[in-house]
Amino acid sequence: MSELLTGAEILCRALVDAGVEVIFGYPGGAIMPFYHALPDHPRLRHILVRHEQAAAHAADGYARASGRVGVCVATSGPGATNLVTGLAAAYMDNSPVVAITGQVSRPMIGRDAFQETDIIGITLPITKQSYLVQDVTELAGVVADAIAVAREGRPGPVLIDVPKDVQNQKMDWKNPERPRDPRSRLRGQSLTPGAKPGTLGSSGSVEEGVHQAARLIKGADRPLLMVGHGVILADAYADVRALAEKTGIPVITTLLGISGFPDGHPLHLGMPGMHGEVHVNRAIQQADVIVGIGLRFDDRVTGNTASFAPQARIIHIDLDRSEIGKNVPVAVGIVGDARDITRRLVAAVEPRWCERWLEHIHGFKRPRAESYRGDLSPDAILASICEASQGDCTIVSDVGQHQMWVAKLYPYRRPNTHITSGGLGAMGFAVPAAMGVHLARPGHTVWAISGDGGFQMNMAEIATMVQEGLPVKMAVFNNGYLGMVRQWQQFFHGKRYSCTPIWSPDYVKLAERRSRPGAGGVHDRTGSQRVPDDPARGLAVGADRGGARRRARELATDVRS
Ligand SMILES: Cc1ncc(C[n+]2csc(CCOP(=O)(O)OP(=O)(O)O)c2C)c(N)n1
């Protein structure tokens with residue numbers, strides 16, 4: 001059956017057809033036709049964020065928690081540029097996000113029209129692919145293609161820029177007819193080459209690589225397994241655990257690999273790197289074989305690569321060929337899906353145990369510092385969060401000192417329950433990303449844990465959550481400082497605490513609901529507003545009003561004196 005539809009209507013239908021259920025966005029001039037069409041597609045739930053950066057972070061959180069594509073929408077110009085940080089975070093952490101931006105009408109492109117920005121040019125280095133839709137006939141194919149590209153291989157963000165006149169352009173829509181080559185008009189490039197399974201060097205086959213790896217593991221005295229985000233993305237937990245248990249190799253989880261292997265497992269050591277644990281770093285320096293699965297050996301893990309793991313032969317398993325040998329030299333590089341390769345490796349290795357090596361590593365452990373004790377210590381706060389959630393929640397952390405405490409101290413027992421901005425390290429990530437995680441996992445407890453600096457960057461999203469009735473729990477480590485920067489000033493800048501004390505509003509007051517929101521819900525075209533019964537229900541901001549303020553004042557005095 002044929003119908004005359006606008007590009008905006010086709011855009012909505014294509015999203016519904018692709019299984020999209022939630023969109024995080026903010027309207028404006030160049031995306032008006034899309035917002036006009038949206039109310040006719042009730043299967044698309046729109047979350048009106050308070051800043052487009054939050055839309056991108058929320059889509060990212062949704063994608064990481066669901067394994068599906070997260071979608072965000074913005075208008076041209078400032079709306080589109082506000083997405084940039086969120087897209088960069090998604091790019092760095094391989095999160096499948098599709099961003100849809102309005103663009104000025106085709107005849108106006110390149111004339112510095114009102115709110116015209118070359119968002120494709122701006123986001124080229126932080127997107128896997130981008131499309132400037134030139135004609136309504138391409139739209140449905142572009143959406144389907146963008147969603148596939150965002151997910152396949154090494155996931156990442158994709159941008160679709162849709163000129164306003166294309167959104168208004170009509171076409172005779174014969175579902176399910178699709179343009180044959182939706183890429184014909186795209187701009188942008190894939191920065192992540194498609195992966196062909198294989199082994200670098202020798203015969204090049206995966207089998208050969210797996211056998212080389214098994215031989216190295218057999219001959220190793222001090223082997224280590226390093227687990228990265230790729231294990232979570234590939235759903236390779238069971239296989240990684242099987243590999244560790246068959247060989248007895250101690251396991252290290254990178255910041256993004258946390259919850260890729262259960263904390264509390266006798267083989268789990270903890271996090272490496274400059275904010276990691278001393279015993280983990282010492283183990284790396286003494287290891288003779290390291291099996292790295294789904295990680296990129298970034299500088300926060302390796303420090304100076306010249307002195308990283310000086311005795312180790314490295315086996316690197318990664319989906320992306322370009323990662324292998326990029327940061328550290330490898331003895332065996334195997335390109336392929338983490339689950340598939342690990343499974344083969346489990347079959348190829350001989351059972352063994354590394355008891356003495358494990359004991360040796362535990363000998364490096366040091367007692368916790370004094371500051372880790374007491375009622376408001378990171379340990380105690382995280383233990384109470386764990387207890388309150390009966391150990392079953394997802395933690396979304398922001399960036400700073402608290403992020404490292406959350407990474408190191410919280411016991412993650414279930415896969416993919418720790419979400420953070422690892423690669424970009426974007427403050428302001430936690431609150432909106434937790435909102436996305438909640439929408440991906442309704443009924444599950446989600447905590448956003450932030451510092452007072454990062455929380456203030458996107459705390460306006462509390463209003464979004466109240467309007468939408470999203471019961472995300474929040475904890476603010478309100479120490480009165482940009483703590484991690486202060487720590488650097490303490491150690492590397494002669495204790496010159498320049499511009500790091502930070503004042504906070506009363507977070508508990510902020511979370512109190514004074515009145516019902518005026519215009520809640522998605523659409524009020526028909527006059528019906530969807531306002532949640534009790535929008536603030538379940539919204540817990542874990543700031544300690546008096547105590548933290550006092551502590552902040554004390555610290556500030558401390559610094560001045
Ligand atoms: C958007 C952004 N701006 C600046 C930084 C640099 N930065 C890293 S950690 C940090 C301090 C974070 O302070 P806070 O949120 O209070 O957390 P804390 O370290 O005290 O736990 C800053 C400013 C960043 N990572 N992201």
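The values are calculated or read from the model by the stated rules, or taken from the named source; none is laboratory data. These numbers come from a predicted model, not from an experiment. Neighbour counts are summed over all protein chains in view; Cβ atoms, including those assigned to glycine, are modelled from backbone coordinates with ideal geometry. Note: accessible area is taken over every heavy atom of the protein model, side chains too, but ligands, DNA and RNA are not part of it. Shrake-Rupley method; radii C 1.70, N 1.55, O 1.52, S 1.80 Å.
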Quiz prompt | Yes/no for Gly436 being under 18 Å from the mean Cα position of the chain (by Cα) and either within 12 Å of the ligand (Cβ to nearest atom) or aromatic (Phe, Trp, Tyr) (or both) | solution = no
Quiz prompt | Cβ-Cβ under 6 Å pairs, at least 6 apart or on other chains, region 156-170 side in the same structural domain as Gly102 (by TED's automatic domain parsing), far side of a type in the set (Ser, Thr, Tyr) and part of a helix (DSSP H, G or I) | solution = Gly156/Tyr91; Pro157/Tyr91; Leu159/Thr123
Exercise. Test each condition in (1) within 16 Å of the ligand (Cβ to nearest atom); (2) open to solvent by less than 10 Å² (accessible area, probe 1.4 Å) for Gly79 and report the one that comes out false.
Key: (1)
Quiz item: Taking region 468-486, which residues are within 11 Å of the ligand (Cβ to nearest atom) and part of a loop (DSSP other than H, G, I, E, B)?
Solution: Asn478, Asn479, Gly480, Leu482
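Open to solvent by 10 Å² or more (accessible area, probe 1.4 Å), more than 26 Å from Thr394 (Cα to Cα) and assigned by TED's automatic domain parsing to the domain that holds Asp320: is that true of Asp239 in this structure? Spell out the reasoning first.
On the way: open to solvent by 10 Å² or more (accessible area, probe 1.4 Å): yes; more than 26 Å from Thr394 (Cα to Cα): no; assigned by TED's automatic domain parsing to the domain that holds Asp320: yes.
Spelling it out, it is not the case that Asp239 is open to solvent by 10 Å² or more (accessible area, probe 1.4 Å), more than 26 Å from Thr394 (Cα to Cα) and assigned by TED's automatic domain parsing to the domain that holds Asp320.
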Quiz item: Across region 488-508, which residue is nearest to the ligand (Cβ to nearest atom) among those that are in contact with a helix residue (DSSP H, G or I) (Cβ under 8 Å, 6 or more places away or on another chain) and more than 19 Å from Ile449 (Cα to Cα)?
Solution: Thr500
Quiz prompt | Pairs where the first residue, in region 1-24, is of a type in the set (S, T, N, Q) and the second is loosely packed, with under 15 Cβ neighbours inside 10 Å, C-beta under 7 Å, 6+ apart | solution = Ser2/Asp172; Ser2/Lys174; Thr6/Lys170
Self-check item: Cross-chain or 6+ apart pairs with Cβ under 8 Å, region 74-93 first and in the same structural domain as Ala55 (by TED's automatic domain parsing), then of a type in the set (D, E, K, R) and outside any helix (DSSP H, G or I)
Solution: Ser76/Glu116; Gly77/Glu116; Ala80/Asp161; Tyr91/Lys128
Quiz item: Can you find a residue in region 355-363 that is among the β-branched types (Val, Ile, Thr) and without any contact (Cβ under 8 Å) to a residue 60 or more places away in the chain?
Solution: no
Quiz prompt | Residue selected from region 41-99 under the condition in a strand (DSSP E or B) and of a type in the set (Val, Ile, Thr), by the criterion nearest to the chain's Cα centre (by Cα) | solution = Val97
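When you check Ile147 against the structure, is it buried (at least 22 other Cβ atoms within 10 Å of the Cβ) and touching a Leu at 6+ places or on another chain (Cβ under 9 Å), yes or no?
Working: buried (at least 22 other Cβ atoms within 10 Å of the Cβ): yes; touching a Leu at 6+ places or on another chain (Cβ under 9 Å): yes.
Yes, satisfied.
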Quiz item: Is it fair to say Ala8 is in contact with an Asp or Glu (Cβ under 9 Å, 6 or more places away or on another chain), in a helix (DSSP H, G or I) and at pLDDT 95 or above?
Solution: no
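Tally up the residues in region 459-483 that are on the phi < 0 side of the Ramachandran plot and open to solvent by 30 Å² or more (accessible area, probe 1.4 Å), please. I'd like the intermediate steps shown before the answer.
Our first condition is that a residue be on the phi < 0 side of the Ramachandran plot; within region 459-483, this holds for 459-468, 470-479, 481-483.
This time we only want the ones that are open to solvent by 30 Å² or more (accessible area, probe 1.4 Å), so: 459-460, 463, 471, 473, 479, 482.
The qualifying residues number 7.
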Quiz prompt | Given (1) open to solvent by 10 Å² or more (accessible area, probe 1.4 Å); (2) touching a Gly at 6+ places or on another chain (Cβ under 9 Å); (3) not charged (D, E, K, R), index of the condition Ala388 fails | solution = (2)
